[in-house]
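To start, the structure itself, in structure tokens.
The values are calculated or read from the model by the stated rules, or taken from the named source; none is laboratory data. Predicted model only: the values in this text are computed from it and were never measured. All Cβ positions, even for glycine, are placed from backbone atoms using ideal geometry, and neighbour counts span all protein chains on display. Accessible surface areas use protein heavy atoms only, side chains included; no ligands, DNA or RNA. Shrake-Rupley method; radii C 1.70, N 1.55, O 1.52, S 1.80 Å.
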Amino acid sequence: MNTVASLIMTAQPPQQAAEPTAARVDVKAMPKILGRLTRLALRYPIWSGAAVSCALGAAVFNLITPRLLGQAVDQAHHLLVDGQFNPAATHAALLTTALLIVGTCAVRGTLTGLQGFLGEAIAQRVGYDLRLAFFQKLQHMSFSFHDTNHSGDLIARGMLDLEGVRGFLETGVLRVITLVLLLGVGSWQVLRADLQLGLLSLSFVPFVIWRATQMGALLRVTWNRLQEMLSNLTLDMEENLQGSRVVRAFASRSFELAKFDRIAQAALELSNRRIVIRMGAMSVMNLAYYSAMALVLFFGGRRVADGSLTVGMLTEFLTFMSILQQPVRQVGMVVNSSARATSSGRRLFEILDAQPEIADVPGAKNLVIDQGVLRLENVAFSYPGSTRNALTDINIEVSAGRTLGIVGAPGSGKSTLAGLIPRFYDVTAGRITIDGQDIRRVTLQSLRRSVSLVQQEIFLFDTSIHNNVAYTDPWAQEERVIEATSIAQLHEHIATLPKGYSTRVGERGVSLSGGQRQRMSIARGLVSQPDIIILDDSTAAIDAATEQRVRAALRDAVNHMATIIIAHRLSALKDADEIVFLEGGRIVERGNHQHLIGAGGRYAALWALQNRTDGYLGTAGHPLEEAQVS
Amino acid sequence: MISSGGGGGGGGGGGFADRSMRNAVDQGEEIFTRFDSRIVQRLWGFFGPHRLYFVAALSAVLLFTAVQVAIPYTVRYSIDASVGTSTIALTTVLSVFGGLIVLYAIMQFVQEWLSSCLAQRVIFDLRRAMFAHLQDVSLSLLDQTQVGRLMARLQGDVGSLQEFLENSVSAIGDLFLLIGIIVVLLGMDLKLGLLTLSVLPLLVLARALWIPWAKVKFRRARESSSSVNAALAENISGIRTVQENRREAFNFERYTGLVQENLEAQIGSSQASQIMVPAVDILTGAALAIVVVVGGEAVLGGTLGVGVMVAYIFYVQRFFDPIRTLSMQYTMMQRAAASGHRIFEVLDLPITIADRPDPVEITQATPGIEFRNVTFGYRPDQPVLHALNFAVKPHQTVALVGPTGSGKTSITALIHRFYEAWEGEVRVGGHDVRDISLESLGQTVGLVLQEPFLFSGSIYDNIRYGVTGADKADVIAAAVAVRAHDFIMQFPDGYDTQLGQRGRNLSIGQRQLLSFARALLAKPKILILDEATANIDSFTEQAIQQALKVLLNGRTCLVIAHRLATIRDADLIIVLERGRIVEQGNHDELLKRRGLYSRLHSSSHDSFDDIAAPLAAYAA
């Protein structure tokens, strides 16, 4: 294995070093990860035992056939050697051998098929376990985890790496077992029968195993690099199509085609290299195999001629070789799939072993809402890995029926603050309480049921409008959904759609505009009838008049909620009971609108700026809206 | 194993991109398409430029097949030589054998290498043709198609065609191998040959019965795994929403159902693929038994050499392989036919907007724009613009103002000839846009979209997108001019900062500034700008406002305007409603006219949607 590793290291250009998974096969981690994977399969001991027994049986019956065939040749040939001829006995013998051959083949085939099926079934079961564990783990990892792990990468782990692991369990393990059994039992059998011919017929095995191992590892590495190139190609084509307006606006057709050619050409060359590696190794391996066969024919043939070996024996050696050839060559595949399973397994276990930072403390109780008072006391927060405080000394109180406005420049900490309340992140210092209960001491389930955070950008699922709005509470009654969409000023629009609430989001021609998406987001936040609702810049794309109606409806319908509004447009905040102005993570001004205007500080300056006659005259239309209104 | 869940075997096959994209393909239309000869013909067209490769690959395959058939044949002679029933010496036979195995090794490499190279080249050309074609297809067609679907064709369909092509040359080899073996078996001994081959129809029959049954299972497995993967991907992409809405338990339950269904489907598919193994083995055993009994008798009777019997044993073990690969190739062919069909569908998308022969170039330094009686819409009988007439004179800045749906964006798209007007003429620099070469039009007319689109890559590459030859100094100058330089320099890598996922790491305002810099660097003679207001905070907005002044200066500009400042500075304001011009003039004129614009201006409304009602009243 060490030679393989060093070979691969040297085969790699140094610039690939930054991509450890792609650049080489991790030989050191292999035993540990493959061992852990195998243990996953052993959780199905009966199935695993059955699979191994079938593999064993198949190997034994496989090894019987050469003997039977050799025997048949000898039976047929006997007359010419001895000169004695007993037709009836020989007939009977031939017939018996023939029946034995059919029987052996039948048993061998059945066991091979069963072994294949059991192997796949175990791998599928392990795949089932891993899929669920992976899914569940990701659901419970906190936001800071998802901030640092790219969703595309997580999806790749859940799909590709899972397949890589499964493929190894499906074939890799059993192939190794089959090979070891065939080689072990078979060698013993042929070496016992004839040492010289036995050694000759096994002579190709070490060489082929060596070459196949090398090939498997090399192919793995090139495969990884090829995948990387192909995903670059995908990205390139996808962006070109998504940005077709820009491509055309800049008349960049030839530039884009040149870029495509460059990437595709590189991928083409690499895949040609793969073929050279694979076929180069394959033909050398076949040459070795046939050379060994030539030696057997030569020495065996001479000994048949001088009478020290029967033709049947020679046939037996030859058929034995042809049986052994396939599994020996598969060593390449096993090495390849082990290498893949090693890197895939590591990537998968990395996630499965991760611990969520935010979870219920032992004995956490459900949040009990009485007055509905939310309080932030001396709260400070810094993002993991950052030394700078994103929030410092925040003291805020808002209670049911009241509204708090938050304003500040981008990066002043507004959204960070919003994320602390449903505990997407935990405060670094100070505490957040709801009716006196520290939110870290209550269950996440009950906390998040009481707090709705409505974000600026809504994530829509590929399902009906109803299901998207009722995402929080899939069992919500139609009336509750309509109530929510009515407050969000979206019901009228949905009612005009031919399929109403059953319209599938994203279906051709019914894409929603930015403002409509935001209103949908608000409706979604309202369906669960939260006690605290936080609107994080979620009205920016809604025109001012509609926004006013949304605010009025919010006030009328649900005066039992505590509301936090984060907005750039101050007109959206001016009716709030209290407004805080954030700068660099600190509250620098606070008070109600009148008070802040009177104070003549930053808020007043921003108000003046936004209310100059040359302020907005904006419609917040979606650029595609026009194309879709009809 | 057609199900091929594992992939990756032998160093690859399948692959992520291919498989996941294939999942995105509409599933209903996949498998049962018959092989259409027209597709073969058209595909053949792509082989044309590589004809030599094809001939070479085919010859190599034939030679390789011949060697494969010959090797067991020499085994026969070496056995016969050993037992002394042959006149040819063992050493002679074995030197022939030696020559054959060297040839075997060489030809195996050559045939595989040639046929793979051929397949890859054809696929490269095909994909490139699709990609190039999509660059020319009109936007009205592209708008109707989801990028995901196109990508499924560029990736998934091209991938399954590639799989087919890579295997088809060797499939031809397998066919010849089968014929070769049959010929040799019959040639060595007609009776024994016929008897041995009698299991062949049984095998073919078994496979023919098996394929349709297994296909259903394989398909179910494929579909269920694509729905499992889709559910996983959706949950990961929307994980914040999932957690915000406490959907973890509900989603897990739903996912468990899908995964369970997938497990059952996969086990079903594995049953289907493994059930063939004993069948093939039993038939192989039967054929061997025939050789033993009938051949053994003949050897006993002295009518057959023992070498022939041994050779039969070798051939019988070989002839099941080609049958298996051929039937696999048949399934692959059906899938490839469906893919080919979808690929040519893309290649057949009509190109409605193309240069006329001998098109005009725009040479004027500052061309103007003119709309003459332009009527246009996206759907038949639903015009969005009605007989529109207006002109933007050279050096003028014209502001388009109007509520959502009034046709502003359509006007800008027509100037760039993204679409063709139904009636009337759109003129740029005194020429009908249909007479101007697209290249020249693209260089003349710059466009800034409301939602800026950035490509993955560095900030530097994004700014010089329109002028790929621009050097760093030019790029920085443009960024400084539009006030993007400061925020760019705040990144540790400055202009070399990589934009992840199309600039998701930038705020919308910052993305807007980058797209301004990009437009400025391209130095368009005409600038079309869709002003963005939404989602931008007041702080960034000021920077944008000043950048705009730089951008608009010294060229002909048409702005879809939302800011009063931009509108007031315009030389001409066109107020649109439902595809018609309701009012036009400059700010002062419109104010003096005491019409709609002045009412709008004096009201304290800060959004244009608010005037939709008065406008409607005015129109009525």
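General remarks:
- The C-alpha atoms of chain B define a longest principal axis, and helix B:199-237 lies at about 30 degrees to it.
- Quarter the surface of the alpha carbon convex hull of chain A and you get the mean projected area, 40.6 square nanometres.
- Rg over Rh [alpha-carbon atoms, Kirkwood Rh] for chain B: 1.15
- Shape parameters for the range A:373-613, alpha-carbon atoms, Rg then Dmax in Å: 18.1, 54
- Under the convention that each Lys and Arg Cβ holds +1 and each Asp and Glu Cβ holds -1, the size of the dipole of the range A:187-284 around its Cα centre is about 60 debye.
- Heavy atoms of A:C105: accessible area, 1.4 Å probe, square angstrom to 10: 0
- Kirkwood Rh and Cα Rg combined as Rg/Rh, the protein assembly as shown: 1.06
- With at most 11 other Cβ atoms within 10 Å, longest stretch of chain B clear of loop trypsin sites (Lys or Arg not before Pro) (DSSP): B:35-503
- Rg ratio (alpha-carbon, reference 2.2 N^0.38 Å) - the range B:77-117: 1.66
- Sequence of A:D370, B:D381 from largest to smallest accessible area, 1.4 Å probe: B:D381, A:D370
- Among the residues of B:307-314, the average count of other protein chain beta-carbon atoms within 10 Å of the residue beta-carbon is 4.
- For the range A:182-208 versus the range B:437-491, the gap between their alpha-carbon centres in whole angstrom: 69
- When all protein chains stay in place and ligands, DNA and RNA are ignored, the 1.4 Å accessible-area order of B:V102, B:V69, largest first, is B:V102, B:V69.
- The mean accessible area for residues of the range B:191-303, using a 1.4 Å probe and ignoring ligands and nucleic acids, is 37 Å² per residue.
- Principal-axis tilt of helix B:538-552 within chain B, Cα atoms, nearest 10 degrees: 90
- Simple point charges give the picture: +1 on the Cβ of Lys and Arg, -1 on the Cβ of Asp and Glu, and for the range A:27-352 a dipole about the Cα centre of about 700 debye.
- Relative contact order (percent, whole number), the range B:79-234, Cα cutoff 8 Å, 6+ residue spacing: 17
- Peptide A:93-105 has a mean of 6 when you count, residue by residue, the C-beta atoms of other protein chains within 10 Å of its C-beta.
- Principal-axis analysis of the Cα atoms of chain B puts helix B:472-481 at an angle of about 40° to the longest axis.
- C-alpha center-to-center spacing [the range B:32-103, the range A:225-284] in angstrom: 34
- Per-residue Karplus couplings for the range A:406-418, computed as 6.51 cos²θ - 1.76 cosθ + 1.60 with θ equal to phi - 60°, are listed in order as 10, 9, x, 5, x, x, 7, x, 4, 6, 4, 4, 4 Hz, Gly and Pro entered as x.
- Directionally averaged shadow of the range A:27-352, computed from the convex hull of its alpha-carbon atoms, nm²: 22.8
- In Hz, Karplus ³J(HN,Hα) per residue of the range A:424-440 (6.51, -1.76, 1.60; θ = phi - 60°; x = Gly, Pro): 6, 10, 9, 4, 7, 8, x, 8, 10, 10, 10, 6, x, 8, 4, 5, 6
- For peptide B:546-556, the mean count of partner chain Cβ atoms within 10 Å of a residue's Cβ comes to 0.
- Alpha carbon centroid spacing (whole Å) that separates the range B:189-263 from the range A:380-419: 49
- Amide H contacts for B:L576 (H built 1.01 Å from N in the peptide plane; partners 5 or more residues away or on another chain; cut-off under 5 Å): B:V401, B:G402, B:V582.
- Protein accessible area in the range A:200-345, 1.4 Å probe - carbon and sulfur %: 61
- Distances between placed amide hydrogens fall under 5 Å for A:I564 paired with A:L404, A:I533, A:I534, A:L535, all partners being 5 or more residues away or on another chain.
- Our compactness index for the range B:191-303, the C-alpha radius of gyration over the empirical 2.2 N^0.38 Å, is 1.90.
- Kyte-Doolittle mean at least -0.5, axial Cα span of 24 Å or more - DSSP H helices of chain A: A:45-82, A:87-140, A:173-193, A:204-242, A:253-305, A:311-329, A:331-352
- Our coupling estimate for the range B:418-434, obtained by passing each phi through the Karplus curve with A = 6.51, B = -1.76, C = 1.60 and θ = phi - 60°, is 5, 10, 9, 5, 6, 9, x, 10, 9, 10, 10, x, x, 10, 4, 4, 6 Hz, Gly and Pro reported as x.
- Across the range B:206-260, Cα-Cα pairs more than 14 Å apart make up 63 percent of the total.
- Only Cα sites of the range B:151-224 enter the Debye sum here, all with the same form factor; the resulting log10 I(q)/I(0) across q = 0.13, 0.15, 0.17, 0.27 1/Å is -0.66, -0.80, -0.90, -1.12, listed in q order.
- Taking the square roots of 5 times each eigenvalue of the Cα gyration tensor of the range B:255-333, largest first, gives ellipsoid semi-axes of 42, 14, 7 Å.
- Per-residue ellipticity at 222 nm computed for chain B from its helices equals -20000 deg cm²/dmol, with DSSP H segments shorter than 4 residues left out and the rest contributing -39,500 (n - 2.57).
- Contact order normalised by residue count of chain B, Cα under 8 Å, 6+ apart, percent: 15
- Cross-link check: pairs A:K414/B:K472; A:K499/B:K215; B:K408/B:K523; A:K414/B:K408; A:K259/B:K523; B:K408/B:K549 evaluated at a Cα-Cα cut-off of 26 Å; pairs beyond the cut-off: A:K414/B:K472; A:K499/B:K215; A:K414/B:K408.
- For chain A: relative contact order, % (alpha-carbon pairs under 8 angstrom, 6 or more apart): 14
- Sparsely packed GluC sites (Glu not before Pro) within the range B:336-444, loop by DSSP, other Cβ within 10 Å at most 15: B:E361, B:E420
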